[in-house]
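**Q** Below you will find the structure I want to go over with you.
The values are calculated or read from the model by the stated rules, or taken from the named source; none is laboratory data. Predicted model only: the values in this text are computed from it and were never measured. With ideal geometry, Cβ positions are generated from the backbone for all residues, glycine too; neighbour counts draw on all protein chains shown.
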Amino acid sequence: MKTERFDIHQHITDQIVSAIEQGAGEFRLPWHRTGGNIMRPVNIASKNAYRGVNILTLWATADAKGYESGVWGTYKQWGESGAQVKKAEKAAYVVFYKEITVAAEAESSDESETRLFARATPVFAAEQVDGYVAPAEEPPATVIEPIEAAETFVSRTGAQVAHGGSRAFYRPSTDSIQLPPREAFIGTATSSAAESYYATLLHELTHWTSAEARCNRQLGKRFGSEAYAMEELVAELGAAFLCADLGVTPALRPDHASYIANWLSVLKADKKAIFTAASKAQQAANYLTSLVGERP
């Protein structure tokens, strides 16, 4: 009997769609439903942060299960660290891409070509294991306030930011970001007014990377009329990634409600759309980080 092949793209897409739908009544996404600052999920073995769509699936799983450690690993990695995954614990899945060489499709061709195949890997959170003791955090030599870190990060990108009016947007014609005055931002149950301001600014800064001279994000070629919704999702994810890196709690933008229905329609129609959005968001975050590193 032939078993059905596990489709990691569909699995993760369904997970993100479900997470968005569960919070849609309040228009809150998984990475907004937190009582404090968020962090990128980290692998127990490499100590490296997960990237791209893996951030989203682990955030969504942690939110649904109430996990707060942010530390994940495979069954083997936990064993090698001296811990043991508890019996009957269910894994979350992350995806990695592996290059394989296959014969070219043309019958007369002797050439080969390289393709990327998605490989699903089950991982468990620190809350699902016995014998793990989180290392004590050492305070940094120089303590930098999270908002100060965000202010420095944005200024070092070189992006032009102006204040005034009641809307937040990136204007391609002038290559500039427009935000309401800082005092116009208000806090939420999970973020201060300052955090709301920086979360919005990082959202627009991600839009800023879409320009041809930067990340050259041309989503219209694939998503057509849905390209606007996809760009908004990329900006939302990019802001969430940057907020996690800079220690800023992501705030809910007042215009998110109108985007969610469009996001869901795109994700449900294309199981790889969330992978594309997360990949583009990761590219934007990497680009901005490279700018910050290049400037004195």
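**Q** Which residues, counting only those in region 35-65, are in contact (Cβ under 8 Å) with a residue 12 or more places away in the chain and assigned to a loop (DSSP other than H, G, I, E, B)?
**A** Correct list: Gly35, Gly36, Asn37, Ile38, Met39, Arg40, Pro41, Ile44, Ala45, Tyr50, Arg51, Gly52.
**Q** Does His207 satisfy the condition of being crowded, with 22+ Cβ neighbours inside 10 Å, touching a strand residue (DSSP E or B) at 6+ places or on another chain (Cβ under 6 Å) and either of a type outside the set (Lys, Arg) or free of Cβ contacts under 8 Å to residues at least 24 places away in the same chain (or both)? Full working, then the answer.
**A** Working: crowded, with 22+ Cβ neighbours inside 10 Å: yes; touching a strand residue (DSSP E or B) at 6+ places or on another chain (Cβ under 6 Å): yes; either of a type outside the set (Lys, Arg) or free of Cβ contacts under 8 Å to residues at least 24 places away in the same chain (or both): yes.
Yes: the conditions hold for His207.
**Q** Now a separate question. Identify the single condition in (1) assigned to a helix (DSSP H, G or I); (2) closer than 17 Å to Phe241 by Cβ; (3) at pLDDT below 90 that Gln22 does not satisfy, given that it satisfies every other one.
**A** Going through the list (1) assigned to a helix (DSSP H, G or I); (2) closer than 17 Å to Phe241 by Cβ; (3) at pLDDT below 90, Gln22 breaks only (2).
**Q** Let me ask something additional. Report the residue count in region 218-245 for those that are crowded, with 21+ Cβ neighbours inside 10 Å and closer than 18 Å to Arg51 by Cβ.
**A** Of the residues in that region, 12 qualify.
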